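Report on one structure; see the data block that follows.
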Amino acid sequence: MKKAIPLLAGLMLAGVAPAQFVWPKKEYHNAEPGLYTEDPFIVQYRKEYFAVFRGDFARFRKAHAEIAAMVEKDPKDARAMVWLGTGQMVESGLLMLDQAKTDEAKKLLKQSLETLDRAVALKPDDPNIYMMRAASLIIIGERFPSDWYDRSLWTRLRDDCLRFIDFVGPERMPRTSIHLRGEAYGCLGVAYAKLGETAKARAAFETVIKMNPGTGYEARAKKELSALAAK
């Protein structure tokens, strides 16, 4: 089993790697103090869970077990619930690497989406919860087969991003971190594009470019605009 881990890690990184709009650099997290502060619980478990994308399966599974225990103890713990859903998504991606387990992977992904929705339903006004769902939705939408989910994935992603922009305030968004504003408008653009709302998608990507010059966000937004123009 240990010999299989490097191969599995390579496949995981290639096939189900993080698919946020841009995988952020450390400096992309700097922001004006007081505008928006992520819940430390969400930040900590992001580090633990996303270690899997560097091939650290033990760290991910330890964190996932902790989260599962939290949800079992308190089924109304929205913070733990949203991470449980994200972990189910990761486990589905790992199962997807084995063609013999495709049905099992597809079933677990469906469960993941239901768990993520349940987390948001518990605390619908908490941006930490619905934006963590958004981060998982963009991974699912860009890295899993499109027939494993329906159009509602993109409407949920769109609505989560719009809700966050409204929460912070459009006029204050340029002063948040490059990561937050880049992901909010970048993922919004992807959702609009998938929903066929081309003009709105273009506007979102143009906002990404305006707010994040000289960054990876600008580079990807330009690629997305080129793809839209080619359709």
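The values are calculated or read from the model by the stated rules, or taken from the named source; none is laboratory data. Please read these numbers as outputs of a predicted model, since none were measured by experiment. Note: ideal-geometry Cβ built from the backbone for every residue, glycine included; neighbour counts use all protein chains shown.
From the list ILE5, ILE67, the one residue that fits, being at pLDDT 90 or above and among the β-branched types (Val, Ile, Thr), is ILE67. Regarding SER136, is this residue part of a helix (DSSP H, G or I), more than 24 Å from THR37 (Cα to Cα) and of a type in the set (Ser, Thr, Tyr)? The answer is no for SER136. The set of residues from region 150-175 being surrounded by 19 or more Cβ atoms within 10 Å (Cβ to Cβ), over 16 Å from VAL208 (Cα atoms) and of a type in the set (Phe, Trp, Tyr) comprises just one member, TRP154.
Applying the criterion of at least 3 residues that are aromatic (Phe, Trp, Tyr) and farther than 17 Å from PRO145 by Cα to the helices (runs of 4 or more DSSP H) found wholly in region 34-122 leaves 40-49. The conditions of being touching a residue at least 12 places away in the same chain (Cβ under 8 Å), acidic (Asp, Glu) and farther than 16 Å from ALA134 by Cα are met by GLU206. Among the residues of region 51-70, those that are of a type in the set (A, V, I, L, M, F, W, C), surrounded by 15 or more Cβ atoms within 10 Å (Cβ to Cβ) and farther than 13 Å from GLN88 by Cα comprise ALA51, PHE53, PHE57, MET70. Screening ALA121 with (1) among the small types (Gly, Ala, Ser); (2) more than 14 Å from ILE42 (Cα to Cα); (3) crowded, with 23+ Cβ neighbours inside 10 Å gives one miss only, at (3). Selection of helices (runs of 4 or more DSSP H) fully inside region 151-212 by the criterion of at least 3 residues being under 30 Å from LYS110 (Cα atoms) and basic (Lys, Arg) returns 152-168.
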